[in-house]
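To start, the structure under review is shown below, and the notes come after it.
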Amino acid sequence: MQIWKPKTNLRALNAVPLGFGLDSLLGGGIPTETITEIYGPPASGKTNISLLATVNAAKAGFRVAYLDPEGSFHLKRVEQIAGEYFDQVIEKTTLLEPESLAHQSQIIRSIIGKPFRLLVVDPITYHYRLELDRVDPFPTNQELAKQLSMLSWHARKKNAAVLVTNQIYSDFKGGYEPLAREVLGYGAKVRVELGIEGDHRTAKLIKHISMKEGKMVKFKIVGRGIIDY
């Protein structure tokens, strides 16, 4: 297995590399100056990709803010991925735990403009899903849109990468759709759909500001992170 190691030329930071095939679809990794959304079913790799991006950004010396409303940031998994860089990753990472959608907005408002070069929200729709009123979805959609607007501002002004993960719901055709599709579809300029096929996972590029859409890579989740299938 090839382990990604930081290089000095990453100081310029135009993307946070992940170290497996998804980088090729994204043009080098999670891009800066925009929001990248990754969505898919449970256990498809959303949190592993989020942790991998966190580890690699911190290994390169960048500060990371990780918003964890679901409680999926596990130190043992971070240690497995980070290896000898574990202490550096923990020192560079600020872990924040939103307790509601409004609290999530407060946290985002408090960190934008600060020297975080990677912001992760995993998943951004956790409290949105719990609080959504099906009769009147406008308030929750508006709150989520405000969060995306703040994150987008930070990405542009600080040359930062912003990675948000998203949950899904089943449609009437036997497939699934990402939650808050229109809100996130407008706010995120890069979108990746994950899937599960037998013993491996898939990542398909749905939307990108400059890369060809529709391409797919296969990968496996292993002890030290993610490898190509």
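Summary table
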{"item": "Filtered residue count, the range 171-205, keeping only those that are part of a loop (DSSP other than H, G, I, E, B), of a type outside the set (G, A, S) and free of Cβ contacts under 8 Å to residues at least 12 places away in the same chain", "result": "3"}
{"item": "Matching residues in the range 112-139 - criterion: being of a type outside the set (F, W, Y), assigned to a loop (DSSP other than H, G, I, E, B), without any contact (Cβ under 8 Å) to a residue 60 or more places away in the chain and on the phi < 0 side of the Ramachandran plot", "result": "I112, K114, P115, T125, L132, D133, R134, V135, D136, P137"}
{"item": "Some residue of the range 160-169 being of a type in the set (S, T, N, Q), at pLDDT 95 or above and within 18 Å of the chain's Cα centre (by Cα)", "result": "yes"}
{"item": "Residues within the range 107-124 that are surrounded by fewer than 14 Cβ atoms within 10 Å (Cβ to Cβ) and either touching a Pro at 6+ places or on another chain (Cβ under 9 Å) or more than 19 Å from P139 (Cβ to Cβ) (or both), tallied", "result": "4"}
{"item": "Residue match in the range 142-157 (condition: in a loop (DSSP other than H, G, I, E, B) and modelled with pLDDT of 95 or more)", "result": "no"}
{"item": "Any hit, the range 79-93, residues being closer than 25 Å to E193 by Cβ and of a type in the set (G, A, S)", "result": "no"}
{"item": "Search result, residues across the range 62-78 that are under 13 Å from the mean Cα position of the chain (by Cα) and not in a loop (DSSP other than H, G, I, E, B)", "result": "V64, A65, Y66, L67"}
{"item": "Residue ID - farthest from L13 (Cα to Cα), chosen from residues in the range 24-56 that are of a type in the set (V, I, T) and surrounded by 24 or more Cβ atoms within 10 Å (Cβ to Cβ)", "result": "I38"}
{"item": "Test: L132 is at pLDDT below 95, more than 13 Å from the chain's Cα centre (by Cα) and not basic (K, R)", "result": "yes"}
{"item": "Evaluation of V217 against (1) of a type in the set (A, V, I, L, M, F, W, C); (2) more than 16 Å from the chain's Cα centre (by Cα); (3) within 30 Å of I107 (Cα to Cα); (4) at pLDDT 95 or above (one fails), failing number", "result": "(3)"}
{"item": "Residue in the range 152-160 that is exposed (fewer than 14 other Cβ atoms within 10 Å of the Cβ) and under 19 Å from M216 (Cα atoms) present", "result": "no"}
{"item": "Filter result (of a type in the set (G, A, S) and assigned to a helix (DSSP H, G or I)) within the range 87-111", "result": "A102, S105, S110"}
{"item": "Top-ranked residue in the range 74-106 [being in contact with a helix residue (DSSP H, G or I) (Cβ under 9 Å, 6 or more places away or on another chain), among the aliphatic types (A, V, I, L, M) and surrounded by fewer than 16 Cβ atoms within 10 Å (Cβ to Cβ); ranked as nearest to A60 (Cα to Cα)]", "result": "I90"}
{"item": "I49 vs. criteria within 11 Å of the chain's Cα centre (by Cα), modelled with pLDDT of 95 or more and assigned to a helix (DSSP H, G or I)", "result": "yes"}
{"item": "Extreme residue, nearest to A145 (Cα to Cα), among residues of the range 178-209 that are surrounded by 15 or more Cβ atoms within 10 Å (Cβ to Cβ) and β-branched (V, I, T)", "result": "V183"}
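The values are calculated or read from the model by the stated rules, or taken from the named source; none is laboratory data. Predicted model only: the values in this text are computed from it and were never measured. For neighbour counting, all protein chains shown are included, and Cβ atoms are generated from backbone atoms with ideal geometry for every residue, glycine included.
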